[in-house]
Structures are given as C-alpha cells and as structure tokens.
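**Student:** I am attaching a structure below and will ask some questions about it afterwards.
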Amino acid sequence: MEKRELVIIGAGPAGLTAAIYGKRAGLDVLLIEKGVPGGQINITEEIENWPGVQHATGPELGQMFRSHAEKFNTEFRDADVQRIEIRDDRKIVVTNKEEIEAEAIIYATGAFFRRLGCEGEAEHIGQGVSYCAVCDGAFFEGEEIAVVGGGNSAVEEGDYLTNFASKVYIIHRRDEFRADRAAIERALSNPKIVPVWNTVVEKIEGDGMVENLVLRNQKTGETSDLPVAGVFMFVGQSPHDEAIKGLVKAAKGGWIETNDEMETSVEGIFAAGDVRTKGLRQVVTASADGAIAAMSASAYINEQVHLRKTLLEPENVVALFYSSIDREQVKMADDAAARAEKEGKKIVLIDGYRNERMSRKLHLDTLPAMVHLGSGVVKDVKSISSVEDALAFVKKN
Ligand code: NAP
C-alpha cells in the first residue's frame, strides 16, 4: 500500500494553505481533490476581504493559492475520498482508486449550500433552481428571479445577480437580514432588489423550467404566487463530512469538532476550514486553520517518527519521561542520564509534556516517570522523585 507522511483531503483555501505550510516544514505532502482545486471560492464572484488583495474573483484567488502550493512541489491527485479508516492503529485513506496509508491526515473538505426542501425543488434543479450565482446567473439575463435566505450569501449573491436579472426578489422568513451591515446596505440600495419579508417558499412550480413560486406569509398565513424564471437557494451550509462521519467527534449538523491545534478526537487526524465547528467561515479563517493544522500535523509526525525510533523499535530501552516546563524535572532528567552514562547505562530522555499523547498511551499518570520497553511492549513503569530513583530503576531493568 502507498505510504505518505501527510495526506490533505480537499484543495480549498484550508487544504492549499496546509499544503504550503506542510511542504515548507519539509513533509512529504499528498493533496487529494475531486474536481477543480479552489473549493467554494470557485463559485464566489468577488473576494474583497482577503488582506493584501483588494479585489479578485474567487477563481482568480483559487488559482493563486494553487500556484503557490505548486511552487513548493505539492503533489496533487484527482480522486474521490470515500472514507478514512483506522486499521491496527494505522490511518488509511480509501479513495475510489486506491488505499493510502498516512502518518497524518488533514480533512479540509469544506461545506456546501443546503437544499431548502420545499415541494418542486428537487425536480427543478438545473431547470431554474440553482445554488451557485456565479455558475448560473448569466442564464437569467433580463429575467425576474428570486433568492431565498437572509444571510451573507443570500444578500451578496442577490446583489451580484442584478448584473443579469431585471429584478431579484430576496425572500426571507424574518423581517431583517442577518448579513453584514455593509452587504445589507449595498443590497437594499440596489433598485433591482426587492426584499420579501416574513415569507417562505412553499412550492416551486413550472412545466420543465421554473415558472412560479407559491409563497406563504409567516405572519398572516396568506399564500401568493410569484412568477419568476429562476430561484437561487442560500439557506445555509452543511459540511462535506461524508468520508469521516462517525470516525471523529462532530457537533449537530456534522460540523467536525477540533481544538485550537485543529486536532480532531482521533490522534493524527486534523480538520481545517469550513468543515469544522467555528464562528466565522471565511477564506481567511480557512487558510489560518490550514496553516495551524499543517504545523500540528508536522509536530505530530516528527513526534511519531522520533518516538518510534527511540522508544518503540529498540529491543530494550529505558526511558525517563519528564516535564520540560518544570525546571527541577529537567535538571533531574539531565543528571540521571549523565550519571547512568558514567555507569555504562543509557537512559532515553523524553519530554512527556510535549509528548503528552505518548505519556497517556504508556499510562504515565504523573511525571517524572521511568519506563522499560522491549520492542514497543511496556515491561515496567515507575513514578520517580529523585535521580537515585531513576538509577535504581535502570539497574533493576
Ligand atoms: P447563514 O448565515 O447560515 O444564513 C442562512 C439564511 O438562510 C438565514 O437567513 C436563515 O434564516 C435562512 N434559512 C435557513 N433555513 C431556512 C429555511 N428552511 N427556510 C427559509 N430560510 C432559511 O448562511 P450563509 O449566508 O450561507 O453564510 C454562511 C457563513 O458564511 C456565515 O458565517 C456567513 O457570514 C459567511 N459568509 C460570509 C461572506 C462574506 O463575508 N463575504 C459571504 C458569504 C457567506 P434565519 O436568519 O431566519 O435563520
């Protein structure tokens, strides 16, 4: 089976940034993406909040990210990741083409626009029902269309759609938008935008193409018809968690839970970008996640390689686990190693604070502690409080 150090899944801003940081950290990086790299920014018309670039289209910025990752010789692979499995403690990425064993994985698959779920929606997808203004807006030149939703996507994409449509109704179930103030002001001052407050879409009608929406006013309960040629749904997003569902801890809706280091609940698997639980889903926060995830993955990989070589592979090894943030422990560890060496013995020093996972694996509840291992099997463990304790342990083992 192919073995790689770092496998990144998803080539949006999070995955591409992780690749840049991973390569710069000297890792062997494989980036798997199905389709065009760039992720959701490919379907975003304007990006004007990526610092340093006052204006770019989504695809332009996506291409810049990709070129940047290419400059560091990232290996890209076009494949569909079906699931991630843990087999005998090994992390396996199963794609539609092959299986790859990874030392660490960064899951950065992003999110997608949810369906509204009303009657007539599914049958009209691609026939007037759309989830991507950039992809489909030009089909509605001079037509009247509708947008559903009240967040940033609905308000900004609605505004963008007025480049083509003669009128854009923004149908929202409440009486105010929840988007940024600047975006709301821009949309509401656009004469082609007509907000329809306190209203939901009950049904989408049309013989073939969309012709009419049946609306219901939430306050009065009245229904009405709105003849339009198309309707764009921007009613929130869901994570692309298909390949990792059930393996890592996730919040309601499937958003992956991580800590500040982007670690998921499974050791060696990290998540970055829109797919994880977070307050602000933006290009800049996805990129930041990617950078952090790559550096955490790098530390994890180095730790694994180092620990395997020094601790788990040798036939016979005595190690002293100490905490590097405790000066007394650092001194005790150094003294113990030096005195053991004088007596012709070897103590491997491991920073148990930084290698907390390994400490936990070896059931070292308190530091400092001594461990005797043979080919990865624990033979003896003891908490110590002095150099003499350490030397006694070495003699015994
Ligand atoms: P969102 O902020 O979650 O907004 C979803 C909207 O859809 C809400 O207004 C919600 O109504 C409405 N909605 C949800 N379910 C509905 C239903 N069944 N029927 C009718 N309406 C329904 O989603 P988003 O606009 O896609 O934005 C997602 C995230 O990306 C946000 O954090 C947003 O700020 C960010 N974003 C930022 C930018 C930017 O900064 N340029 C652009 C796009 C997105 P309620 O308000 O009543 O809940």
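Rule-based calculations on the coordinates, nothing more; no lab input. From a predicted model like this one, the values you see are computed outputs, not experimental measurements. Virtual Cβ from ideal backbone geometry, glycine too; neighbours counted across all protein chains shown.
**Student:** What do you get for Rg/Rh over segment 122-233 if you use C-alpha atoms and the Kirkwood form of Rh?
**Tutor:** Working: Rg = 12.9 Å, Rh = 13.7 Å.
When Rh is taken as the Kirkwood radius, the ratio is 0.94.
**Student:** Do any of K342/K395; K34/K97; K23/K91; K361/K396; K361/K382; K249/K278 go past 18 Å between their Cα atoms, and which?
**Tutor:** Details: K342/K395 13 Å; K34/K97 12 Å; K23/K91 20 Å; K361/K396 23 Å; K361/K382 15 Å; K249/K278 14 Å.
From K342/K395; K34/K97; K23/K91; K361/K396; K361/K382; K249/K278, over 18 Å: K23/K91; K361/K396.
**Student:** Looking only at G35, G230, G58, which one moves most when the chain is put into a Gaussian network model with springs between Cα atoms under 10 Å?
**Tutor:** G35
**Student:** Leaving out same-chain residues fewer than 8 places away, which aspartates and glutamates sit with a Cα under 16 Å from that of K71?
**Tutor:** Filter leaves D28.
**Student:** Distance from the Cα centre of segment 149-218 to that of segment 283-318, in angstrom?
**Tutor:** Measuring centre to centre over Cα atoms gives 47 Å.
**Student:** Cα axis of helix 327-342 to longest principal axis of the chain: angle in degrees, 0 to 90, nearest 10?
**Tutor:** Once rounded, the angle reads 40 degrees.
**Student:** Looking only at G12, G52, G22, which one moves most when the chain is put into a Gaussian network model with springs between Cα atoms under 10 Å?
**Tutor:** G52
**Student:** Which loop-located GluC sites (Glu not before Pro) does segment 297-358 contain, where loop means any DSSP state but H, G, I, E or B and the Cβ has at most 14 other Cβ atoms within 10 Å?
**Tutor:** For GluC sites (Glu not before Pro) across segment 297-358 that sit outside H, G, I, E and B with at most 14 neighbouring Cβ atoms in 10 Å, the list reads E315, E343.
**Student:** Output the 0 to 90 degree angle, nearest 10, between the alpha-carbon long axis of helix 283-307 and the longest principal axis computed from the alpha carbons of the chain.
**Tutor:** 20
**Student:** Additional query: Between L362, L215, L226, find the one with the highest GNM mean-square fluctuation for the chain; connect C-alpha pairs within less than 10 Å.
**Tutor:** The residue with the greatest mean-square fluctuation here is L362.
**Student:** The chain: D in µm²/s via Stokes-Einstein (Kirkwood Rh, Cα pairs, 25 °C, 0.890 mPa s)?
**Tutor:** For these conditions, the coefficient is 101 µm²/s.
**Student:** Give the cysteines in the chain for which no other Cys Cβ lies under 4.7 Å away, or write none if there are none.
**Tutor:** C118
**Student:** Find how many whole Å separate the alpha carbon centroid of segment 3-60 from the alpha carbon centroid of segment 319-345.
**Tutor:** Distance between centres, Cα-based: 44 Å.
**Student:** Here's a follow-up. So which lysines can K167 reach, going by Cα to Cα under 22 Å and dropping same-chain residues fewer than 8 places off?
**Tutor:** Answer for K167, where 22 Å is the Cα cut-off: K192, K203, listed by chain and number.
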